[in-house]
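> This is the structure I want to talk about, given as structure tokens.
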Amino acid sequence: MTIKNLILFLLCLCPVVTFAQERQPLSGRVQVNGGNATGIFVINTLTGTEVRTDTEGKFTLPAKPGDKLAVYGKNIEDRQFAVSKGSFTQTPYVLEVDAKATQLQEVVINDVNEEKLGLIPKDQIRMTVAERRVHTAKSGIGLDLLLNVLSGRLKMLKKALETERKEQLMAVIDGIFTDEELANMGVPRDLARGFLFYAIEDPTMADAIRSKNESLMKLTLMDLSDKYNKLQNQHE
């Protein structure tokens, strides 16, 4: 069997799945180390819809496959999740997060890296874990690459890489603007972090963060804050 015929055969085996475009209620539960997390914020970063978990860690908010949920709170590590069709088949859809580690009063970091230790060649291109996984999956030859594509593994790895890059953007902007500055833009203090998750989905904001243009970041945040507050009023 030729490669061309093999490709056609495998494509015929792959079901074509279509998802409804309308968002529907997604029922979930946030857990920390296996226990229910109360009062944790969950935001759909694409729509701005934001809710808090109840005493059992449960929440419900509108979503559809392809949406992204950000989970954050005072005592947990921020985490983002991609909504898929399978998210709606779980009852409830469980979002597992980690508790924040206790901070040390003083941390001493020596100027040591992999290059200085001789573990990697100098000036070698550095990739994150997610970037390496995507690179490895795309570097397959012939049938290996085809199977990665058809199995959905490559798509899954690309989503993980996208989430990692969004978390990097969040880490940058979170260290620039304080809750007080966001409050001056009209964003309630308890929703400040959710607003930042919403803001980094905006292409202009993402470009401003990457280019370290704080003036453009501030102007974009002021514009997005109006849209975000209107969304919150609609959801009340």
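> Would you check if there is a residue in region 40-48 being in contact with a helix residue (DSSP H, G or I) (Cβ under 6 Å, 6 or more places away or on another chain), at pLDDT 90 or above and among the hydroxyl-bearing types (Ser, Thr, Tyr)?
yes
> May I pose another question? For region 189-236, which positions are under 23 Å from Glu164 (Cα atoms), in contact (Cβ under 8 Å) with a residue 40 or more places away in the chain and open to solvent by less than 70 Å² (accessible area, probe 1.4 Å)?
Once the filter is applied, which keeps residues that are under 23 Å from Glu164 (Cα atoms), in contact (Cβ under 8 Å) with a residue 40 or more places away in the chain and open to solvent by less than 70 Å² (accessible area, probe 1.4 Å), region 189-236 yields Leu191, Arg193, Gly194, Phe197, Tyr198, Ile200, Glu201, Ile209, Met217, Leu221.
> Can you name every residue in region 173-189 that is part of a helix (DSSP H, G or I) and modelled with pLDDT of 85 or more?
Passing the criteria: Asp179, Glu180, Glu181, Leu182, Ala183, Asn184, Arg189.
> Just checking, does region 65-75 include any residue being open to solvent by 60 Å² or more (accessible area, probe 1.4 Å) and either at pLDDT 90 or above or not in a loop (DSSP other than H, G, I, E, B) (or both)?
Step one: filter region 65-75 for residues open to solvent by 60 Å² or more (accessible area, probe 1.4 Å), giving 74-75.
The next check asks that each one be either at pLDDT 90 or above or not in a loop (DSSP other than H, G, I, E, B) (or both); those that pass are none.
Checked against the condition, which is being open to solvent by 60 Å² or more (accessible area, probe 1.4 Å) and either at pLDDT 90 or above or not in a loop (DSSP other than H, G, I, E, B) (or both), region 65-75 yields no hits at all.
> Can you report the number of residues in region 200-227 which are in a loop (DSSP other than H, G, I, E, B), under 21 Å from the mean Cα position of the chain (by Cα) and closer than 12 Å to Val172 by Cβ?
Of the residues in region 200-227, 3 are in a loop (DSSP other than H, G, I, E, B), under 21 Å from the mean Cα position of the chain (by Cα) and closer than 12 Å to Val172 by Cβ.
> Quick one: in region 20-55, which of the residues that are of a type in the set (Asp, Glu) and under 22 Å from Arg193 (Cα atoms) is surrounded by the fewest Cβ atoms within 10 Å (Cβ to Cβ)?
That would be Asp54.
The values are calculated or read from the model by the stated rules, or taken from the named source; none is laboratory data. This is a predicted model, so every value here is computed, not measured. Note that each Cβ is placed from the backbone with ideal geometry, even for glycine, and that neighbours are counted across all protein chains shown. Just so you know, the surface numbers come from the protein's heavy atoms only, side chains and all, with ligands and any DNA or RNA stripped out. Shrake-Rupley method; radii C 1.70, N 1.55, O 1.52, S 1.80 Å.
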